[in-house]
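Peer 1: Questions regarding the structure given below will be posed in turn.
The values are calculated or read from the model by the stated rules, or taken from the named source; none is laboratory data. Computed from a predicted structure; not experimentally measured. Backbone-built Cβ (ideal geometry, glycine too); neighbour counts: all protein chains shown. We work out accessible area using only protein heavy atoms, side chains counted, and drop any ligands, DNA or RNA first. Shrake-Rupley method; radii C 1.70, N 1.55, O 1.52, S 1.80 Å.
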Amino acid sequence: MPEAVPHAKVVKALTRDHHIRLSSLDASPLWDGVRRGHPHLDPAACACLTELLSATALLQTRTLFAERLQLLVKGAGRAKAVVADCWPDGTIRGVLDLGPEDAPEWIAGPGVFQVMRSRDNGQPYVGHLPLVEGGIQVQVEHYLQQSEQIQASLTLWCDPGTGEAGGLLVEPLPDCPPARLARLVQALEGLEVVPFWERTPDFLATWVSQGEGVEELAALDLFYRCRCTREALVGTLRRFSPEQKADLFQEPGPLDVRCDYCGTRYPIHPEDLVDGEA
């Protein structure tokens with residue numbers, strides 16, 4: 001029987017007073033996927049990767065899941081590079097490359113925060129900013145403010161001990177009254193007393209709306225799995241020039257190609273790269 005694919009659900013909603021948009025996610029299943037897919041990472045590293053996956057899924061709600069979204073954090077912290085990749089069909093995957101063990105923080109500059117959006121009908125958009133002081137949620141908030149002129153609050157959490165994880169993205173709309181905005185700020189500050197296990201999407205909707213309820217705008221099931229295939233890899237390598245192909249096989253035996261996202265290994269032989277051969 002095939003192993004179950006860890007899946008979560010991200011929800012975008014609007015408060016009934018139409019003053020606040022919010023997106024929420026219980027990311028604990030994504031933690032399970034990260035732990036299974038990257039057994040070489042310790043729990044703290046898995047927590048870092050899970051937070052970036054959560055941020056990516058929450059950002060994707062801003063376009064109602066109409067695009068592929070990739071986030072990259074590259075810096076000088078304990079995480080040298082972290083990548084999250086989320087597709088419109090809900091497939092999500094990620095990878096973390098370890099940096100110096102003695103770095104005080106997982107995310108630290110100098111470095112870059114990069115956002116790449118891809119749609120089937122156009123060229124990808126790539127935006128990047130230098131890292132600022134703070135973790136993943138600070139980088140995302142800074143990007144939204146600087147690149148999209150959006151004032152938003154992002155809260156991410158992942159307990160390395162239990163795997164309880166999730167996120168909340170809140171965006172007050174331009175006509176949000178000052179008094180309502182003040183209550184929202186108070187609610188977000190008070191969220192820190194709420195245990196992680198209690199922060200379900202339904203609870204967060206009630207918390208942000210202060211009991212008035214929300215209108216669900218969109219929802220997407222997320223599945224932590226890789227999209228790599230041998231066919232796609234061979235197709236890419238066949239487009240290499242003859243010189244590039246020759247460079248791949250300077251050593252005897254097949255070329256061993258490993259997927260960074262899931263660790264699957266694909267042995268590739270020279271004859272595989274001849275058109276019409278399998």
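Peer 1: Name the pairs whose Cβ atoms lie under 6 Å apart, with the first residue in segment 208-227 and farther than 13 Å from Leu14 by Cα and touching a residue at least 40 places away in the same chain (Cβ under 8 Å), the second in a loop (DSSP other than H, G, I, E, B) and hydroxyl-bearing (Ser, Thr, Tyr), and 6 or more positions between them or separate chains?
Peer 2: Taking only residues 6 or more apart or on different chains, the pairs are Cys226/Tyr261.
Peer 1: Here's a check for you: in segment 14-64, which residue that is β-branched (Val, Ile, Thr) and over 18 Å from Met116 (Cβ atoms) is modelled with the lowest pLDDT?
Peer 2: Val34
Peer 1: For segment 228-263, how many residues are touching a residue at least 40 places away in the same chain (Cβ under 8 Å) and among the small types (Gly, Ala, Ser)?
Peer 2: Here the count works out to 1.
Peer 1: Let me ask something additional. What residue, of Arg265, Arg199, Arg225, is exposed (fewer than 14 other Cβ atoms within 10 Å of the Cβ) and within 29 Å of Ser54 (Cβ to Cβ)?
Peer 2: Result of the check over Arg265, Arg199, Arg225: Arg265.
Peer 1: Quick check on this structure: which one of Ala152, Ala218 is closer than 22 Å to Phe65 by Cβ, buried (at least 16 other Cβ atoms within 10 Å of the Cβ) and touching a Leu at 6+ places or on another chain (Cβ under 9 Å)?
Peer 2: Of Ala152, Ala218, the one residue that is closer than 22 Å to Phe65 by Cβ, buried (at least 16 other Cβ atoms within 10 Å of the Cβ) and touching a Leu at 6+ places or on another chain (Cβ under 9 Å) is Ala152.
Peer 1: Within segment 65-84, does at least one residue satisfy the condition of being open to solvent by 20 Å² or more (accessible area, probe 1.4 Å), at pLDDT 95 or above, touching a Gly at 6+ places or on another chain (Cβ under 8 Å) and among the β-branched types (Val, Ile, Thr)?
Peer 2: Yes, segment 65-84 contains at least one residue that is open to solvent by 20 Å² or more (accessible area, probe 1.4 Å), at pLDDT 95 or above, touching a Gly at 6+ places or on another chain (Cβ under 8 Å) and among the β-branched types (Val, Ile, Thr).
Peer 1: Take Ala108 and tell me if it is out of contact with any helix residue (DSSP H, G or I) (no Cβ under 7 Å at 6 or more places or on another chain), open to solvent by less than 80 Å² (accessible area, probe 1.4 Å) and closer than 15 Å to Leu52 by Cβ.
Peer 2: When the stated conditions are applied, Ala108 passes them.
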